[in-house]
Amino acid sequence: MDEKREFKNHLQHEKSPYLIQHVHHPVDWYPWSDEAFRKAKNENKPIFLSIGYSTCHWCHVMARESFQDQEIGDILNQYFVAVKVDREERPDLDSIYMTVCQMMTGSGGWPLTIILTPDLKPFFAGTYFPRESKEQMVGLKDLLLNVRDLWREKKVELIKSAQDITKTLQDFAKTKTGELLDQSILDQAYHHLKEKFDPINGGFGSYQKFPTPHHLLFLLRHWKNTGQNDARQMVNKTLQNMRWGGLWDQVGFGFHRYTVDPNWRVPHFEKMLYDQALLVLTYTEAYQATSHPEYRETAEKILEYVLRDMKSPEGGFYSAEDADSEGVEGKFYLWSQDELNEILTPEEVELTRQVYNVTPEGNFREELTGLMTGQNILHLTRPLNVIAQENGLKEDRISSDLEDIRKKLFKFRETRIHPHKDDKILTDWNGLMIAALSRASQVFNNNEYREAAVEAVEFIKAKIISDGRLWHRYRDGEVKFKGNLDDYAFLIWGLMELHQATFNSSYLELAINLNQELLDNFLDKKEGGFYFTSEDGPDILVRKKEAYDTAIPSGNSVAYLNILRLATILEDQELNKTAWGIEKAFATLIEKSPSGFTMFLAAVDLRLGPCLEVVISGDKDQPLTKKMIGALRENYLPNVTLLVNWSDDWLMEKVESLREKKMVDGKTTGYVCSNGTCYAPVKDVKSLLDIVKKVRKDE
């Protein structure tokens with residue numbers, strides 16, 4: 001090993017794959033630690049904070065250009081204390097300093113570059129910087145030298161600026177309580193989304209396209225409750241075009257993170273666990289709402305990818321796969337015409353050309369130069385039935401031929417050098433995947449999904465829960481970082497979905513216990529809503545309390561949904577009051593921009609009702625019992641909670657009214673209750689569904 005590789009900085013004992021990637025840099029990186037802060041204070045140096053994650057393409061670029069460069073390393077080591085943070089390990093820090101970046105520059109992203117005073121107050125923010133200055137873009141070298149000079153000559157002004165920025169950040173974090181929202185806010189959000197909707201390609205916006213599954217889940221509910229067919233059409237257009245485009249891995253399945261074009265064709269190639277989970281939920285609900293077989297197939301293929309490539313031997317799920325392999329973005333996923341000619345028969349090559357838009361010159365442009373690369377992204381521009389009609393073929397024949405082609409390409413692709421896999425296990429993202437597996441297991445009656453969700457929960461119980469409290473990250477036998485709001489909220493969601501899939505009350509009991517921990521340690525008892533960090537969490541610049549949805553729904557949104565559902569199941573009015581306090585805490589913010597809070601509005605929709613509880617009482621092995629449960633799972637019935645009365649378990653002891661809902665005349669019996677009103681018990685599937693639809697006012 002050469003001398004440079006032998007050097008190890010202060011990251012050498014960290015478990016984060018992202019931090020490990022930087023261990024041998026000439027930069028003497030420190031993790032976020034008291035040791036680093038003491039050094040900055042003792043040596044009177046500003047802190048250079050770099051936040052990223054291991055599958056981030058531009059993080060890799062900045063590392064190659066600058067952080068592996070000896071001159072940049074020397075400058076940072078001499079004039080700064082350099083600190084590296086994995087945003088996925090420390091989302092609390094990432095959220096704080098990303099807000100700073102957005103406040104100061106109007107935008108954000110990763111790598112996130114922040115310069116702080118020794119007491120952690122920010123005075124400069126940005127994202128990616130090239131090594132050298134270019135036209136209209138300052139280089140990192142010049143930036144560092146300029147900050148060095150300012151720190152020497154105008155330190156008082158920099159400190160004053162940092163104090164002002166911190167005060168603004170603290171003011172920004174405060175919420176102003178309002179009143180409970182009404183139906184009009186849901187209508188406003190729908191109209192805002194409609195205005196931003198791309199009617200040609202689906203999705204929202206006209207440049208980069210992100211999946212934003214929480215928007216689609218909200219629109220499905222809005223369609224169901226109002227009959228606004230445009231809402232469902234927006235969902236259909238988006239889900240179909242996403243699946244046809246390069247955002248979807250046509251060979252190995254799963255969705256990439258986003259596309260850099262409005263047509264869903266050119267992806268940023270990393271794959272995130274949270275995207276897979278949320279999109280499984282979305283395609284599954286869309287299948288319930290439309291019976292479109294492609295939606296079921298898509299959800300099942302996402303889970304095939306996750307269970308094949310993202311599941312750890314211990315039962316948890318890994319975080320992400322990189323965009324890059326061999327230092328080149330997308331190399332693992334792209335195809336040249338010559339490669340296809342070698343792998344496939346001439347007839348298969350021709351079909352691939354027609355279906356997936358392959359060309360000899362390639363359809364993938366180099367991002368910086370805009371030149372064709374000779375590489376192709378496999379994607380469709382029209383549905384298979386249209387292609388079949390154009391070529392006088394049957395659609396099922398094309399589908400069969402394409403599956404043969406896909407298997408050949410997948411087998412060949414497996415011989416390539418794979419992208420880096422971030423194998424840390426995050427509690428919050430695993431909670432989302434448990435929810436997705438559990439929901440899919442219900443709708444598709446798939447035991448494999450149910451068992452995978454159970455295995456993941458057992459792993460979390462064994463490795464990540466300690467003394468009733470959650471930890472955030474597990475890797476290589478180590479748990480680290482106290483659980484945050486998302487960890488609790490998303491895992492509780494997953495546990496509640498798993499209870500719906502299994503009717504095993506131990507999962508619901510664990511969800512209730514974790515929810516109590518959330519109430520005890522995260523709730524703002526005065527103003528309502530949850531802080532992201534616990535009362536006994538790490539000492540940070542500001543405890544943030546947010547409900548805005550980003551790529552992932554906010555923890556407050558999901559916690560609000562969870563608590564409303566738990567209050568219904570437990571018939572607990574105090575929980576309902578707590579839930580309403582969450583809504584009041586963020587009502588003023590939501591009124592300003594409703595479409596930024598679509599998952600939160602799904603909870604508002606649940607609170608506005610009708611919210612239904614259906615209890616099936618009967619022998620679980622009886623055909624009628626199974627038919628009733630199956631009918632409720634097959635139909636798209638948001639805001640319906642299903643419980644069973646067929647054993648003397650924990651839930652029966654907890655909820656007295658559940659014990660009273662017994663079989664009538666020794667036959668399987670269904671009970672429907674909504675907003676304090678219970679309807680006459682029924683003993684057939686049609687009558688049960690008729691009551692549910694009547695209460696919901698479904699046509």
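What is the projected area of the convex hull of the Cα atoms of segment 258-311, averaged over all directions, in nm²?
Average projection, Cα convex hull of segment 258-311: 4.2 nm².
Which residues' amide hydrogens lie under 5 Å from the amide hydrogen of residue 54, considering only partners 5 or more residues apart or on another chain, with H built in the peptide plane?
Correct list: 18.
Please report, in Å, the Rg and the Dmax of segment 89-152, where both are computed over Cα atoms only.
According to the Cα coordinates of segment 89-152, Rg and Dmax are 12.3, 35 Å.
For a quick check: sort 265, 365 by the number of other beta carbons within 10 angstrom, fewest at the front.
On the way: 265 22, 365 15.
Least to most surrounded, the residues fall as 365, 265.
Which ordering of 640, 83, 138 is given by a fewest-first count of other beta-carbon atoms within 10 Å?
Result, fewest neighbours first: 138, 640, 83.
How would 467, 92, 619, 487 line up from fewest to most surrounding beta-carbon atoms within 10 angstrom?
Ascending number of Cβ neighbours within 10 Å: 467, 619, 92, 487.
Restricting things to alpha carbons, tell me how big segment 279-374 is in terms of Rg and Dmax, in Å.
Considering segment 279-374 through its Cα atoms, Rg and Dmax are 17.6, 45 Å.
Net charge near residue 247, counting Lys/Arg +1 and Asp/Glu -1 over other residues with Cβ under 13 Å of its Cβ?
Local net charge: +1.
Helix 273-290: angle to the longest alpha-carbon principal axis of the chain, degrees 0 to 90, nearest 10?
In the chain, helix 273-290 runs at an angle near 30 degrees to the longest axis.
For the chain, which cysteines have no disulfide-compatible partner, meaning no other cysteine Cβ under 4.7 Å?
Within the chain, the cysteines lacking a partner Cβ under 4.7 Å are 101, 611.
Would you kindly calculate the mean projected area, averaged across all directions, of the convex hull enclosing the Cα atoms of segment 3-172, in square nanometres?
9.5
Give the separation of the Cα centroids, segment 545-576 to segment 453-524, in Å.
Going from one Cα centre to the other spans 15 Å.
Helix 685-696 against the longest principal axis of the chain: what's the angle in degrees, Cα atoms only, rounded to the nearest 10?
60
With N denoting the number of residues in the chain, provide Rg(C-alpha) divided by 2.2 N^0.38 Å, to two decimal places.
Values: Rg = 26.4 Å, N = 699, 2.2 N^0.38 = 26.5 Å.
For the chain, the normalised Cα radius of gyration is 1.00.
Quick check on the chain: helices-only [θ] at 222 nm, where DSSP H runs of length 4 and up contribute -39,500 (n - 2.57) each and the sum goes over total residues. Nearest 500, please.
Calculated from helices alone, the mean residue ellipticity at 222 nm is -16000 deg cm²/dmol.
Using the 2.2 N^0.38 Å rule of thumb for compact globular proteins, work out how segment 367-464 stacks up: its C-alpha Rg over that value, please.
That ratio works out to 1.61.
Holding the Cα-Cα limit at 25 Å, pick out from 121/526; 134/155; 45/84; 209/480 the pairs that are longer than that.
Beyond 25 Å: 121/526; 134/155; 209/480.
In whole Hz, what ³J(HN,Hα) sequence does segment 669-674 give by Karplus (6.51, -1.76, 1.60; θ = phi - 60°), x for Gly and Pro?
10, x, 10, 10, 10, 8
What is the extension gain from residue 155 to residue 665, computed as 0.36 nm multiplied by their sequence separation minus the C-alpha to C-alpha distance, in nm to one decimal?
175.3 nm
Could you give me D for segment 383-529, from Stokes-Einstein at 25 °C and 0.890 mPa s, where the hydrodynamic radius is the Kirkwood radius over C-alpha pairs? Units µm² s⁻¹, please.
Approximately 135 µm²/s, per Stokes-Einstein.
Please list the non-local residues whose amide H lies under 5 Å from the amide H of residue 544, H modeled 1.01 Å from N, same-chain partners needing a gap of 5 or more.
Those qualifying (amide H under 5 Å, at least 5 residues apart or on another chain) are 532, 533.
Mean shadow of segment 496-557, computed from the convex hull of its alpha carbons, in nm²? List each step's numbers first, then the result.
Working: hull surface 22.2 nm².
Result: 5.6 nm².
Could you list, in their original order, any pairs among 301/408; 311/463; 331/463 whose Cα atoms are separated by more than 26 Å? Present the calculation step by step, with values, prior to reporting the outcome.
Working: 301/408 17 Å; 311/463 16 Å; 331/463 36 Å.
The pairs that break the limit, which is 26 Å between Cα atoms, are 331/463.
So for segment 636-699, if I pair up every lysine 8 or more residues apart or on another chain, how many of those pairs have alpha-carbons under 17 Å apart?
Summing the qualifying lysine pairs gives 9.
If you take the Cα Rg of segment 154-246 and divide it by 2.2 N^0.38 Å, with N the number of residues, what do you get?
1.62
May I have the pair-distance distribution P(r) for segment 331-418, computed from all Cα-Cα distances with 10 Å bins from 0 and rounded to whole percent?
16, 47, 30, 7, 0
Using θ = phi - 60° and the Karplus relation 6.51 cos²θ - 1.76 cosθ + 1.60, list the HN-Hα couplings for segment 71-84 in order, rounded to whole Hz, with x at every Gly or Pro.
5, 4, x, 5, 4, 4, 5, 7, 10, 9, 10, 8, 10, 10
Quick one: which residues, 5+ away or cross-chain, put their amide H under 5 Å from the amide H of residue 470? H built at 1.01 Å from N.
483
Regarding segment 612-696, what whole-number volume in Å³ per residue does the convex hull of its Cα atoms give?
Per residue, the Cα convex hull of segment 612-696 comes to 94 Å³.
Counting DSSP beta bridges with both partners in the chain, what percentage is antiparallel, nearest 5?
Details: 43 of 57 bridges.
Around 75 percent antiparallel, to the nearest 5.
Rounding to the nearest 10 and keeping the result within 0 to 90°, find how far the Cα-based axis of helix 229-244 lies from the longest principal axis of the chain.
50
Of 483, 381, 589, whose Cα points farthest to the positive end of the dipole of the chain (charges on the beta-carbon: +1 Lys, Arg; -1 Asp, Glu; origin at the Cα centre)?
Farthest along the dipole direction, towards plus: 589.
Here, each number is a calculation from the coordinates, and none is a lab measurement. Source: prediction; values computed, not measured. When we count neighbours, we look across all protein chains shown, and the Cβ atoms used for this are built from the backbone with ideal geometry, even at glycine.
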